[in-house]
1. Could you list all residues from the range 41-52 that are without any contact (Cβ under 8 Å) to a residue 24 or more places away in the chain and more than 15 Å from the chain's Cα centre (by Cα)?
2. Among the residues of the range 59-72, which ones are surrounded by fewer than 12 Cβ atoms within 10 Å (Cβ to Cβ) and under 16 Å from ASP23 (Cα atoms)?
3. In the range 43-74, how many are assigned to a helix (DSSP H, G or I) and among the aromatic types (Phe, Trp, Tyr)?
4. Taking the criterion of being assigned to a helix (DSSP H, G or I), under 20 Å from ASP73 (Cβ atoms), open to solvent by 90 Å² or more (accessible area, probe 1.4 Å) and of a type in the set (D, E, K, R), would at least one residue in the range 31-42 satisfy it?
Amino acid sequence: MGCVTARHQPERALRADAARNRDAIVAVARDVFAEQGLEAPLEAIAARAGVGIATLYRRFPTREKLIAAALVDKVAEYVDAARQALTVPDP
């Protein structure tokens, strides 16, 4: 059989503590980005989430990935609202 590389393996589910840390980082990132902008220090996000900076970078290796995770739910809400608005015949 051939070699299977890491990028071809399915993603493993996070342990419960890792999932809690990820969720905390994303929630805090939303707040900090809203308060300070997208250039807010990642160290501040990690500290407020109660994790080390290494934990933040383990889950989100780039600022862009953290921003995307923090904003994806909000953008999905906007998309849903826009779809609902399009169904109304009278603007």
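1. Kept after step one, since they are without any contact (Cβ under 8 Å) to a residue 24 or more places away in the chain, are these residues of the range 41-52: 41, 43-48, 52.
Answer for the range 41-52, where residues must be without any contact (Cβ under 8 Å) to a residue 24 or more places away in the chain and more than 15 Å from the chain's Cα centre (by Cα): PRO41, GLU43, ALA44, ALA47, ARG48, GLY52.
2. Going residue by residue through the range 59-72, those that are surrounded by fewer than 12 Cβ atoms within 10 Å (Cβ to Cβ) are 61-62, 64, 72.
Hits for the range 59-72 are PRO61, VAL72.
3. Of all residues in the range 43-74, those assigned to a helix (DSSP H, G or I) come to 43-49, 53-59, 63-74.
Going one step further and asking which of them are among the aromatic types (Phe, Trp, Tyr), we end up with 57.
Qualifying residue count, the range 43-74: 1.
4. Scanning the range 31-42 turns up at least one residue that is assigned to a helix (DSSP H, G or I), under 20 Å from ASP73 (Cβ atoms), open to solvent by 90 Å² or more (accessible area, probe 1.4 Å) and of a type in the set (D, E, K, R).
The values are calculated or read from the model by the stated rules, or taken from the named source; none is laboratory data. Everything numeric in this text was worked out from a predicted model, so none of it was measured. Reconstructed Cβ throughout: ideal geometry from the backbone, glycine too, with neighbour counts over all protein chains shown. Note: areas computed on protein heavy atoms with side chains; ligands, DNA, RNA excluded. Shrake-Rupley method; radii C 1.70, N 1.55, O 1.52, S 1.80 Å.
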